[in-house]
Structures are given as C-alpha cells and as structure tokens.
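**Student:** Before we start, here is the structure in question, set down as structure tokens.
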Amino acid sequence: MSVYRVLWVPGSDSLLGVCHCGAEHLSSDPVDVWSWLIAHPEGHGQ
Amino acid sequence: MAPTTQIPRNQWYVAAYGSEIGADLKARTICGEPIVFYRASSGDVVALADRCVHRRFPLSKSRRVGDTIVCGYHGFSYDAAGACVAVPGQTRIPRTARVKSYPVAEQDSFVWVWIGDDEPADATTIPRAPWLAAEGWTTVRGMEPLAARHSLLVDNLLDLSHETYLHGGYIGTPEVAETPIATEADEGNGVVRVSRHMDDAECPPFYAKSTGITGQITRWQDIEYFSPCLYLLHSRIAPVGVLPPASGPDDQAFHVEVVYALTPETETSTHDFWMVARDFALGDEEVSTFLRDNNRTVVLQDVEALNLLEEILRTDGDAYQELSINIDTGGLAARRMIKSQNDTSPAATA
C-alpha cells in the first residue's frame, strides 16, 4: 500500500519527502513536498 | 463535481460514549443528521432518524413504550428497526412509514454510527482504542461542544507545536515547538502518523504532578490519526535518558494515551470527545481529578481558540493566502486524506 513519509532533517529547516517507490525529494516547503509525493510516479525517476 | 460538504460520508463516527446511552431517548446530530439513540431491552444501542415521517416531530421528544418510540405529536409508533408499527385512527400503515435506522457498533467504550449508505458498513474497519476499556488502565473523559468545523480541530491536533503557546503552564514547554517531527501518510489504512521525540525536555505540570517526576524528561509524542474521526496520541514520559528496553515491558516509563474522537455535528460545529488513559496511579482519584480538570482546561483553551477561528472564517471568507511551514506537515497530510475520502463519498459523486 502507498505510504509517504516526510522527515524534518535534524539541525536544518529542510524536509525530506520519501515516496513508497523509494524516490526522495528535499524541500523547505511542506506544501511542495506533499505535491511532489502525491504526483508519483511523475518526477520520481521511474 | 466538487463536494458540497467538507464532511466525508460512508464513514464510522463516534456518536457517544456507551455510558451516555441508556433507556432514555437521547438526541444528537451527527454530520448534519439528527439522530435519536436509546438502549433497547436487549442491551443493544438503537439509532434512528430523529424525525417522525408524519410531521417531522423529533422522536427524541417523544416516549418509549417497550422498544417502540411513540411520537409525542400524533402517536406514530416505530420499532427498533425504524419501521412504523402503528398510526392513529386507522389500521392501514402507509408503506413508506419508516424512519432511517443507522448501523451502530459499540467498541472500546464508544458508540459508533455509520453515516452514509447502509451497504458498506463494516464494523471490523472501526479503529481501536483498547486502553479506554482495558484492565491496567484508568481513564478520565469528557466531551465539549465546539462551534468550529471539524477541519480546524484536525489542524489543531495534528500540530502539537501549539502546546508551547496555547497551553503553556499545562502541557506545553519550549521543546515541543522546537523539536523536528516525522510524518507518515498511510493511504491504504487511512492513517496519518506524526512523531516528535524529545530527548531532554522540561516536564510540564500535567505530567510532573501526575507522575511525580521532578527533573527533565524524555518525552515522546506519537500521533496516529485514523481519518476522519479517531485521534490517538501515544505519550511516553520517562526520566531523561530512560529509553524502552530492547525486550520486555517498558515499565520504567509512564504511558498516557490521549484520545480524541472528532465528530462533525454540522458543517461548522463539532463534538469534541476527549479522553486521557494512563497506566500508572491506577484508580487514584486524586490523580484522576487532576488529569480530568487539567485536560478539560486544555481542551477549553482549544475550544476558545478554534471558535474564534471559525468566526474569522465566517466573516473573512476565503480571500486570503494561507502560509504553511514545517510544523504543518502532519496537518497538511490529514487535510489531503480527508479530501480524498470526501471526493469518493456519495455527496461528492452523486
């Protein structure tokens, strides 16, 4: 099933989005991170 | 077609605590639907539309005769399945004389009601909160009416950084707002998880007075939000540096399960059920009173803030650009999950 993760990188203001497909995306904007995640597979290097 | 409601249908919602439903007729509006509840002679909870089919008189303002409700206006009588079994002055009962009967399930001290079509109601999908009715736990609870929409309470509970500012002196300390979170959206199970683990934090009065810990603490907050209704905050409190053992019970820590049931009453009001279950000081009335009073104060602080926000939404309208930062990651995930549930619910697809 589809599980998306967003980790707040310790010691920074960055968020790391981790898709269920394994692709990752670094951003400073949570709206951008979720938009990238749910766009799977677009832009996920599949 | 865009949804005309913000409330997902074809979902289970908490309608009441089981202890609230007895022989008397009880009215409660759930997701805009007025419902009358009572406990039948079998012990089962009955939930029927709270409007007589004749002239819409509320059945909750009527009277019970056995397991039948006799309308207080003209005497239309309904059995526990909602079928009309008697009308005044004639023997023929119109074929359409029945009120809607709602699927109901009792679990973990809650009465759940299915809002939507009858067919998909599967009680095995209802999320669990076993601490509320389990041996080895003591629970305090309450319910506050919230004059604000469901989504505002979801936003509030998914971002606990507000504890530092809105609930300082109760459950908030500086570390809550300062500590990074990890967020997970589990689409298949309809769950959003948000974790905040504080290694060395000030102990807020809520936990200091209930556990007796006086120094710094290791404080973990692990949220599971089963959209749209059930919210679990697994709170672990221990002296600083005390972590769960690799195996065996985590008996050097204090565990508090803070549970909310977020049930829309209408599009702009919500039933805010709250519970605090603990695995220490079991049955200790002094601790129970302290936690009940303190948590109710915290909930009322939220109620005051969210009621204010609802009023602002009403007067300002939608003409502003919202700004989200890292602390909102969980709230954004929950919003998306609710929208997804709403997009597939009958009100949206009809």
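The values are calculated or read from the model by the stated rules, or taken from the named source; none is laboratory data. On a predicted model such as this, the values are computed, not experimentally measured, just so you know. Using ideal geometry, Cβ is built from the backbone for each residue, glycine included, and neighbour counts are taken over all protein chains shown.
**Student:** Would you confirm, using the coordinates I've provided, whether residue B:260 is more than 14 Å from every other protein chain (Cβ to nearest Cβ), surrounded by 14 or more Cβ atoms within 10 Å (Cβ to Cβ) and among the aromatic types (Phe, Trp, Tyr)?
**Tutor:** Answer is yes for this residue.
**Student:** So, of the residues in segment A:4-19 that are farther than 18 Å from residue B:191 by Cα and hydrophobic (A, V, I, L, M, F, W, C), which turns out to be farthest from the other protein chains (Cβ to nearest Cβ)?
**Tutor:** A:16
**Student:** With the condition being in contact (Cβ under 8 Å) with a residue 24 or more places away in the chain and either of a type in the set (Ser, Thr, Tyr) or touching a Leu at 6+ places or on another chain (Cβ under 6 Å) (or both), I'd like the helices (runs of 4 or more DSSP H) fully within segment B:156-267 carrying at least 3 qualifying residues.
**Tutor:** Helices (runs of 4 or more DSSP H) meeting the threshold: B:205-211.
**Student:** Just to be sure, is residue B:22 free of Cβ contacts under 8 Å to residues at least 40 places away in the same chain, more than 29 Å from residue B:229 (Cβ to Cβ), assigned to a loop (DSSP other than H, G, I, E, B) and not hydroxyl-bearing (Ser, Thr, Tyr)?
**Tutor:** no
**Student:** Now a separate question. Give me the pairs, please: first residue somewhere in segment B:319-345 and over 15 Å from residue B:6 (Cα atoms), second residue anywhere and in a helix (DSSP H, G or I) and modelled with pLDDT under 95, beta-carbon distance under 8 Å, and either six or more positions apart or on two chains.
**Tutor:** B:327/B:161; B:327/B:177
**Student:** Being touching a helix residue (DSSP H, G or I) at 6+ places or on another chain (Cβ under 6 Å), surrounded by fewer than 19 Cβ atoms within 10 Å (Cβ to Cβ), of a type outside the set (Phe, Trp, Tyr) and within 29 Å of residue B:237 (Cβ to Cβ), is that true of even one residue in segment B:133-144?
**Tutor:** Yes, segment B:133-144 contains at least one residue that is touching a helix residue (DSSP H, G or I) at 6+ places or on another chain (Cβ under 6 Å), surrounded by fewer than 19 Cβ atoms within 10 Å (Cβ to Cβ), of a type outside the set (Phe, Trp, Tyr) and within 29 Å of residue B:237 (Cβ to Cβ).
**Student:** Now a separate question. Only residues in segment B:269-298 that are at positive phi count as the first member; pair them with residues that are not in a helix (DSSP H, G or I), Cβ under 7 angstrom, at least 6 apart or cross-chain, and list the lot.
**Tutor:** Every condition considered, the pairs that remain are B:283/B:138.
**Student:** Considering every residue within segment B:300-318, establish whether at least one is of a type in the set (S, T, N, Q), within 21 Å of the chain's Cα centre (by Cα), assigned by TED's automatic domain parsing to the domain that holds residue B:212 and part of a helix (DSSP H, G or I).
**Tutor:** Yes, segment B:300-318 has at least one match.
**Student:** Can you tell me which of B:159, B:155, B:199 is under 16 Å from residue B:254 (Cα atoms) and within 14 Å of another protein chain (Cβ to nearest Cβ)?
**Tutor:** That would be B:199, the only listed residue that is under 16 Å from residue B:254 (Cα atoms) and within 14 Å of another protein chain (Cβ to nearest Cβ).
**Student:** To continue, here is another question. Is it fair to say residue A:22 is within 12 Å of another protein chain (Cβ to nearest Cβ) and on the phi > 0 side of the Ramachandran plot?
**Tutor:** no
**Student:** For segment A:5-21, indicate whether the set of residues that are touching a Ser or Thr at 6+ places or on another chain (Cβ under 8 Å), assigned to a loop (DSSP other than H, G, I, E, B) and more than 14 Å from residue B:182 (Cα to Cα) is non-empty.
**Tutor:** Yes: segment A:5-21 contains one or more residues that are touching a Ser or Thr at 6+ places or on another chain (Cβ under 8 Å), assigned to a loop (DSSP other than H, G, I, E, B) and more than 14 Å from residue B:182 (Cα to Cα).
**Student:** In addition: Pick from segment B:202-234 the residues that are farther than 22 Å from residue B:129 by Cα and of a type in the set (Gly, Ala, Ser): which of them is farthest from the other protein chains (Cβ to nearest Cβ)?
**Tutor:** Looking at the filtered set, the residue picked out is B:212.
**Student:** Taking segment A:25-46, which residues are within 9 Å of chain B (Cβ to nearest Cβ) and acidic (Asp, Glu)? Even if it seems obvious, please write down each step before you answer.
**Tutor:** At the first step, the residues of segment A:25-46 found to be within 9 Å of chain B (Cβ to nearest Cβ) are A:28-31, A:33-34, A:37-38.
Passing the criteria: only A:29.
**Student:** I'm checking my understanding of the structure. Among residues of segment B:168-192 that are crowded, with 17+ Cβ neighbours inside 10 Å and of a type in the set (Gly, Ala, Ser), which one is farthest from the other protein chains (Cβ to nearest Cβ)?
**Tutor:** B:172
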